[in-house]
Amino acid sequence: MEISTPSLSTTFIRDLYARMLLTRVLDGYAWRLYGHVPNGLPVSCRGHEAVQVGSAICIEAGKDFTLPYYRDLGVVLTIGMTPYEVFRTYIQVQQVQSKRTGEGGSNPCNDYVDIKSPVMHWGYHKHNMVTGSVPVATQVLHAAGIAFAAKLRKASVVTVAYCGDGADSEPDFLEGITFAAQHQLPVVFVYEQDNASLSQQTLPAGLEHHCIDGTDIIAVYAATRAAMQHAREGQGPVLLEMNVHSSAPGALYLDVESQDDPLLRCQRHLEEQGMWDEEWAEQLHERLRNEVEQALQDALRDVS
């Protein structure tokens, strides 16, 4: 599989930046609301935005199948979930857990106390997003099964499974990628990892494996686009190892002067290409912040 750097328009790169910024803003809201609780609901995706947006933008929503894991807020937003739907998911999951622990209340805002909430089971069936279970690697095996069915049906469909947080140490991970390699299935595995390497693993023959800088959204997009084409053309599965640098959640809009911040890297790229406009960026941030704030208030009103 050959990965080439595409020539992208200003409009497209700005759209990638906007999608990452939306993910960052929404993640920050969720963290400030619920993250202060011990064992609280949200697991931050901060630092993963380029991986999640840059890969998910390559998925044909409603045709391809997507199996995210609990950190993949940027994936579910890019696939088509709205901020309103995301907040409703957060609130409804918390309410179910509150009822189980006897801590339920009439106001969702008051329910975020002293609870042990589960991780997010993202699902969006109308866009072929498959709801996953708690263990971090089960979706890899499920993805191999879906891809096997697609191959039997001779459908031009690619299945994309996301994982991370030690998923490679689970038996389901090795079983899933091995089955996919043995049957040359149309599936792409996206492994979001921090300070680890799959090069120490014995990977099955017949599996394309590429290590990508997960903080560079252009590199992520190029690699995923090539992987999707490779799988769709029947050339077998691809494992994309995306190196990310997770950081503390809660900060918004370039508040962290980190060279590994995906938003800062994308901004620098836009600046170098003469595509950055400070007024556009400020208006974008204000608009997204207002949209997310309104979505939260609407979700709290409708679920209460």
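The values are calculated or read from the model by the stated rules, or taken from the named source; none is laboratory data. Because the structure is a prediction, the values reported are computed rather than measured. We place every Cβ from the backbone using ideal geometry, glycine too, and count neighbours over all the protein chains shown. Areas reflect the complete protein model, heavy atoms only, side chains present, ligands, DNA and RNA absent. Shrake-Rupley method; radii C 1.70, N 1.55, O 1.52, S 1.80 Å.
Sparse packing (at most 12 other Cβ atoms within 10 Å of the Cβ) combined with a DSSP loop state is found for the following GluC sites (Glu not before Pro) in the stretch 157-241: GLU233.
Might you tell me the accessible area per residue for the stretch 145-304, computed with a 1.4 Å probe and given in Å²? Walk me through the numbers on the way to the answer.
Details: 7430 Å² over 160 residues.
Per residue, the stretch 145-304 has an accessible area of 46 Å².
Within the straight-line cut-off of under 20 Å between alpha carbons, the aspartates and glutamates reachable from LYS154 are GLU60, ASP64, GLU233, sequence neighbours fewer than 8 places apart in one chain being disregarded. Put a dot 7 Å past each Cα toward the Cβ at THR10 and SER197; how far apart are the dots in nm? Result: 4.1 nm between the two label points.
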